[in-house]
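**Q** Dropping the structure in here first, questions after.
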Amino acid sequence: MLVDKTMSRRTFLLGAVSTTAVLTGCVSQYPSQPVAPAEPRIGATPYTAAQLDAMYGPLEDNGYMIPAVPWRQIDPLYYRQEVRDPTGEAPGTVVVDTPNRFLYLVGENGMAMRYGVGIGRAGFSWGGNGVIQWKQEWPKWFPPKEMIERDPKLEKYSNENGGMEPGLMNPLGARALYIFENGKDTLYRVHGNPDWTSIGKAVSSGCIRMLNQDVIDLYNRVNNLPAPIVVYQ
């Protein structure tokens, strides 16, 4: 898709976002619009092997031992790194670039922290403007009713049954940031996950997946709640 070079990056990105969506828990439908790639898909890493071992090595957190991520098997483009902010949003804003599989936390002086993410497959995604209303360490998971209808085996984790206990195999991972729109819970989350192979892919049922090591880093940086979030398709 060709983009007029006179159009600002921020104008183009926000043109792909609407504040309306048909919400069905963490599995909302939202029309998609192509977005020009932010940069080449294969990128060089700014880190040494020792730095990456430290960033993505095993981590003990609240009594849980998070396994190391085999970072050599992930496209370096998706490593957590500080970059020039391409969004034009105010500092403190979280921006999810669904087509390019990035999440940005906008910082000061034109910079942003960028993370690689996994996204919802076609038909299971949400987009728009909202706020991160609250966040939680090692959350329980409550699958939406629509998900239970598709997979009745999840009934044991329903809200009525108390949800899935926190842990390494919990789909929300080590941290979850909860997205609200117009004062209501969208049931859409930014969260950790145990499957590093999902980063850079469209595999989840709508929510934004991050490496557990990365979602902990993001969680520690998002301190002023409610924090604005923009998710564009």
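**Q** Quick check: net charge around GLY162, other residues with Cβ under 11 Å of its Cβ, Lys/Arg +1 and Asp/Glu -1?
**A** Counting the neighbours of GLY162, the net charge comes to 0.
**Q** Right, something else. Could you pull out every one of the lysines with an alpha carbon less than 20 Å from that of LYS153, ignoring same-chain neighbours closer than 8 positions?
**A** Here the lysines satisfying the reach criterion relative to LYS153 are LYS140, LYS145.
**Q** Tell me which GluC sites (Glu not before Pro) from the range 73-122 have a DSSP coil assignment and no more than 14 other beta carbons within 10 Å of their own. Show your work: numbers first, answer last.
**A** Numbers: sites: GLU82, GLU89, GLU108; in loops: GLU89, GLU108.
The qualifying sites are GLU108.
**Q** Here is a further query. Taking amide hydrogens as modeled 1.01 Å from N in the peptide plane, which residues meet the under 5 Å criterion relative to TYR188, leaving out close sequence neighbours?
**A** ILE179
Where a number appears in this text, it was derived from the coordinates with a stated rule and is not lab data. Since the model is a prediction, treat every value here as computed from it, not as a measurement. Glycine gets a Cβ as well: all are built from the backbone with ideal geometry, and neighbour counts include every protein chain shown.
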